[in-house]
Amino acid sequence: MYADDETVRRILQDTGDTWAVVGLSTNRSRAAYGVAEVLQRFGKRVVPVHPKAEPVHGEQGYASLADVPFPVDVVDVFVNSDLAGAVADEAVAIGAKAVWFQLGVIDEEAYGRTRLAGLDMVMDRCPAIEIPRLDARR
């Protein structure tokens with residue numbers, strides 16, 4: 001288990017509403033597209049981060065986390081596990097408060113580094129699954 005329910009709750013409810021979604025593009029068949037829609041439905045601002053830097057869901061896209069010109073609260077990672085550690089390191093570098101690795105995205109060393117840097121982190125879970133659960137408990 002890479003995050004307890006309290007960490008999941010804290011990230012989804014208390015950490016902030018600006019979520020950079022790394023790997024989000026206009027490709028509707030990708031999981032990131034649907035997850036970003038759910039995040040928006042629950043009041044999150046979704047910032048697409050993808051090499052194409054294209055607008056998605058009404059938000060301007062950026063080629064990298066470093067290109068985002070405003071503070072990001074949570075970095076949601078939809079890249080292969082072998083690339084995810086570098087994204088987590090970028091999240092630390094830009095001053096994000098939390099990192100979320102999606103289902104199937106696992107890098108235990110990155111998890112350790114990110115936690116050591118003081119950020120909350122969830123790995124191998126999906127906010128689109130967790131946020132409705134939290135909302136139902138209110």
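Values computed for the structure shown
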| read-out | value |
| --- | --- |
| Antiparallel %, DSSP beta bridges [both residues in the stretch 29-138], to 5 | 10 percent |
| Relative counts (whole %) of C-alpha pair distances in the chain, using bins that are 5 Å wide | 2, 11, 24, 26, 22, 12, 4, 0 |
| Of ASP107, ASP76, ASP67, the one that fluctuates the most in a GNM where the chain has Cα springs shorter than 10 Å | ASP67 |
| With every protein chain in place, the chain: carbon and sulfur % of accessible area (1.4 Å) | 49 percent |
| Whole-Hz couplings from phi, Karplus 6.51/-1.76/1.60, listed for the stretch 71-79; x for Gly and Pro | x, 10, 7, 10, 10, 9, 10, 10, 10 |
| Percent RCO, i.e. relative contact order, over the chain, from Cα pairs under 8 Å lying at least 6 residues apart | 24 percent |
| Estimated 222 nm signal from helices in the chain, with DSSP H stretches of n ≥ 4 weighted -39500 (n - 2.57), rounded to 500 | -12000 deg cm²/dmol |
| Of SER29, SER64, SER81, the one that fluctuates the most in a GNM where the chain has Cα springs shorter than 10 Å | SER29 |
| Distant-in-sequence amide H partners of MET121 (H built 1.01 Å from N, under 5 Å) | VAL99 |
| Percent of Cα pairs exceeding the 14 Å cut-off, where the set is the stretch 16-90 | 54 percent |
| Where the Cα pairs of the stretch 53-98 fall when distances are cut into 5 Å bins, in % | 6, 20, 29, 27, 15, 3 |
| The stretch 1-50 - Rg (one decimal) and Dmax (whole number), Cα, Å | 11.8, 32 |
| Selected from PRO127, PRO71, PRO48 as most flexible by GNM, with the chain as the system and alpha-carbon contacts under 10 Å | PRO71 |
| Förster radius 30 Å - calculated FRET efficiency between LEU116 and SER64, Cβ distance, rounded to 0.05 | 0.85 |
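The values are calculated or read from the model by the stated rules, or taken from the named source; none is laboratory data. Since the model is a prediction, treat every value here as computed from it, not as a measurement. Neighbour counts are summed over all protein chains in view; Cβ atoms, including those assigned to glycine, are modelled from backbone coordinates with ideal geometry. Note: areas computed on protein heavy atoms with side chains; ligands, DNA, RNA excluded. Shrake-Rupley method; radii C 1.70, N 1.55, O 1.52, S 1.80 Å.
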